[in-house]
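The values are calculated or read from the model by the stated rules, or taken from the named source; none is laboratory data. In this text the structure is predicted, and so the values were computed from the model without any measurement. No Cβ is skipped: glycine too gets one built from the backbone with ideal geometry, and neighbour counts run over all protein chains shown. Areas reflect the complete protein model, heavy atoms only, side chains present, ligands, DNA and RNA absent. Shrake-Rupley method; radii C 1.70, N 1.55, O 1.52, S 1.80 Å.
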Amino acid sequence: MRLSAICLVFCLSAFCAQAQDSSRLELWYKKPAANWNEALPVGNGRLGAMVFGDAVRERIQLNEESLWAGSPTEANADAAAFLPLIRENLLKDSIKTAMSLAEQHLRSNPMRIRSYQSLGDLRIDFFADRAASPDIKNYIRKLDLETGITSTSYSINGVQFNREVFVSAPDNSIVLRIWSDQPNAIHCRLSIDREQDAMVIPDGNSGLLLKGQVLDLPDEDAGPDGLHMRFAAKLTTMHTGGSVQAVNNSLYVKGVSELIVYLTAATDYNMALLDMDPSIDPVKKCDEILEKIKKKNFASVKTDHVKEHAGFFNRVDLAIGSKLKRLTPTDERIKAVKAGAEDIDLAVLQFQYGRYLLMGSSRAPGVLPANLQGIWCKDMNAPWNSDLHTNINLQMNYWPVESANLSEAFLPFSDFVDLLRKPGRVTVSKTFGSTGWTVNHLTNPFGRTAISDGVSWGTYPIAGSWLSLHLWEHFLFTRDTAYLRSQAWPVMKEAAEFIQGFLVKDKQGYWVTAPSTSPENAFKLPNGEVYGLTYGATMDMQIIRELFDACKKAGALLKTDREFISALAAIEKELPPTRVSKRYGIIQEWIHDYEEVEPGHRHMSQLFGLYPGTQINRKTPELFDAAKRTIERRLKYAQGGTGSYTGWSKSWIINFYARLFDGDLAWKNLQDMQRYLTLPNLFDDHPPFQIDGNFGLTAGMIEMLLQSHTDTLLLLPALPATWPEGSVKGIKARGNLLVDLEWSGGELRLVRLRAGSFYSGNVSLQGKIRKVKLKKGEQIQWHP
């Protein structure tokens, strides 16, 4: 071959390695991840991995959803006998005395929980150190959202090296493939390590076994110390050419043309017990999984993964703005936005990324709901323990699950909440002197339902009612009556039973919750004293109304519990109304018009009735206008002048403005998220990373395009002026209705509705209300 031809081939090869397809939904970069917040996530609901893409020393950080420190504890305060005295003082506004009594009697033991933990790291050393590595060219790493595969490619001395990593749900394993375009070119060392509580040994001549048991060190306020959860991770390799040899606690790979690694992990956790199970052998579970996958060839493993993943992901398509910016690396796009540029298609990528992350952290073969970090956590003691925070964060994780057409991803949440009823009954009986079930402001895989972290901070017995509403939403979107009867209704009914027994009459004759808090916020009394404990906080009352309304509708559908439903209806008539502050004209957060300690607080709990609730709308104009003023005031006082200094809080505001039909302000706040609260790998920045903001953003973008929470379907209810052209396909409305929309010039051009079951409802179209009836599988289409 002549030199010119050789050069042409090389140049074409280099071009192809770097060429990007603007039609693909990809995060991509021209350099390896320098830290965890730049690494790329893959997951299958049970196993997660963060891929750094380093050509010298690759790191793939690993997670298994159930690997937690701690153990089940009976922590509930035996406070039921003292509750009347606490309530008496709250209701006569003797807050100081009530708080003193609460600190004595409502404190759980232990007061805190332990953390979700990293499984460890898979490391691949290609060179002794960075100084010894040759010149690396044509480097690209990417995450393809449509296939769920992260890839790394680069060339060294004219040899092309490629890696891809994915987490297969069908085969329940993390899969790594390394190959080159030249034979016998791969030389490396594979190892697994963990910061603590584990050992690594060879497993035959081509595998590794990590085996350990969590050792909880003494921490009186976080539960018993000692040996608790057992866990294991196991990898096996297959290769073409060369050799693989187990040496000490690693594998030495020499002269290989292609290397395939299958890795899986397991613990002795049994969700049915909300506990560890001594009959479970984590190593045996790993063996069973790997024996199955080893019987398949890599091509079928990859094909099965892509087919299953794409079957979920490709249900929804969103197109807004130019796709040409996809030809620019993702980190450079983020930098440009932070510098003031507008990138509408980046929001499309973030929207789909939210769906991708929910698929990766909450679906079979996983069984637990997505936690504060989804499933991806690098720490042994994570921020906020990476727990299941139930005063908004766990709920926000699932705001988009139905409308983004991922209903199956809700089932781990639903199953877990169902299981929480058992420990929740103990909390209700011992601490609150009622029947039914609830949980306070956080939980964990061991079924924690007791008050946690602090009395003023952690007393949040309304959380069970809020979680129960998500099961009702699942029914509204799926119209699955069997699910409503067997799982949703029992959970909802018991939550309502707790409320029924927990409410007390205040001196105005209203039924109120006592004790009560407005999540993580505090108020100031005229004498300057600051408290968080109160009675009848606005959010409590709004959640109770939503729950009682849902129970009434569910009871009517199921033709059951008529007397119980009638009792709830009678109570609902005597709940205190949502009030407007005479001081500021905002929605009042507490039962009294207290002065705010922190006017820019990240929680905007009094606006639950606007979103995700339904009580504040155009039919309540005074509250609707007060809600706008509430947000304006919060943003005015928020830290740094950027308005709302946590990612999840900013994403909540996007949903608020969508419900207020202000698309331009919704888009402005989405841009604020991009500029101030988005990490290089598009993770939401609390700070630090917290995944709820990713999910809140996805939910908010759907609310801007479609709303179905009232008796009328609203199409493009909050379309920003900067989104004049676009289309969305496959999003879901309540009533089990799939919706496709196309628009240009800010006006609808196509509406397509497809019924997943019998549908009867109203649709607002060009200012007119159309009544629609569709049989299961039937479709209707308009060109307005």
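Numbers at a glance
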| item | result |
| --- | --- |
| Calculated diffusion of the chain, Stokes-Einstein form, Kirkwood radius summed over Cα pairs, 4 °C and 1.567 mPa s, µm²/s | 47 µm²/s |
| Solvent-accessible area per residue, Å², over segment 697-751 with all protein chains present [probe radius 1.4 Å] | 27 Å² |
| Theoretical FRET efficiency, 1/(1+(r/R0)^6), r = Cβ-Cβ of ASN184 and ALA339, R0 30 Å, to 0.05 | 0.05 |
| Rg(Cα) / (2.2 N^0.38 Å) computed for segment 260-312, rounded to two decimals | 1.44 |
| Between helix 538-558 and the chain: long-axis angle, C-alpha atoms, 0 to 90°, nearest 10 | 80 degrees |
| Additional length obtainable on full extension of the chain from MET199 to ASN162, 0.36 nm per residue less Cα span | 10.3 nm |
| Accessible surface of segment 631-715 [probe 1.4 Å, protein heavy atoms]: carbon and sulfur percent | 50 percent |
| Residue-wise HN-Hα coupling along segment 310-320, computed from phi with Karplus coefficients 6.51, -1.76, 1.60 (Hz; x: Gly, Pro) | 5, x, 8, 5, 7, 5, 10, 10, 10, 10, 9 |
| Dipole axis of segment 626-777 (+1 Lys, Arg; -1 Asp, Glu on Cβ), positive-most option in SER727, GLY696, LEU714 | LEU714 |
| Where segment 255-327 is the region considered: accessible area per residue in Å², 1.4 Å probe | 46 Å² |
| Share of carbon and sulfur in the accessible heavy-atom surface of segment 85-158 [1.4 Å probe, %] | 45 percent |
| Lys, Arg +1 and Asp, Glu -1 on Cβ, resulting dipole of segment 692-756 about Cα centre, debye, nearest 20 | 260 debye |
| Stretchable slack from ALA132 to ILE769, in nm (0.36 nm times residue separation minus alpha-carbon distance) | 222.3 nm |
| Descending semi-axes in Å of segment 338-469, equivalent ellipsoid built from Cα gyration tensor | 30, 17, 14 |
| All aspartates and glutamates inside 16 Å of LYS771 as judged from Cα atoms, apart from same-chain residues fewer than 8 positions distant | ASP711 |
| Loop-located trypsin sites (Lys or Arg not before Pro) in segment 609-683, at most 15 other Cβ atoms within 10 Å (DSSP) | ARG618, LYS619 |
| Residue-normalised accessible area of segment 96-215, given per residue in Å² at a 1.4 Å probe | 38 Å² |
| Net dipole in debye of the chain [+1 Lys, Arg Cβ; -1 Asp, Glu Cβ; about Cα centre; nearest 20] | 2000 debye |
| Counted charge near ASN35, where neighbours are those whose Cβ lies closer than 15 Å (Asp, Glu -1; Lys, Arg +1) | -2 |
| Cβ crowding within 10 Å averaged over residues, with 536-546, 217-227 ranked highest first | 536-546, 217-227 |
| Theoretical FRET efficiency, 1/(1+(r/R0)^6), r = Cβ-Cβ of ASP593 and ALA80, R0 30 Å, to 0.05 | 0.45 |
| Given charges at beta-carbon only (K, R positive; D, E negative), |dipole| of segment 318-367 in Debye | 120 debye |
| Violating pairs (Cα-Cα greater than 23 angstrom) within the set LYS211/LYS307; LYS619/LYS775; LYS619/LYS768; LYS142/LYS285 | LYS211/LYS307; LYS619/LYS775; LYS142/LYS285 |
| Within straight-line cross-link reach of LYS92, lysines at Cα separation under 22 Å, skipping those fewer than 8 residues along the same chain | LYS505, LYS507, LYS524, LYS582 |
| Restraint check, LYS137/LYS292; LYS30/LYS338; LYS30/LYS296; LYS430/LYS559; LYS552/LYS628, Cα-Cα greater than 27 Å | LYS137/LYS292; LYS30/LYS296; LYS430/LYS559; LYS552/LYS628 |
| Segment 604-695: C-alpha pair distances exceeding 18 Å, % | 42 percent |
| With every protein chain in place, segment 398-465: carbon and sulfur % of accessible area (1.4 Å) | 54 percent |
| Using a Förster distance of 30 Å, the FRET efficiency for LYS284-SER486 (Cβ separation, nearest 0.05) | 0.40 |
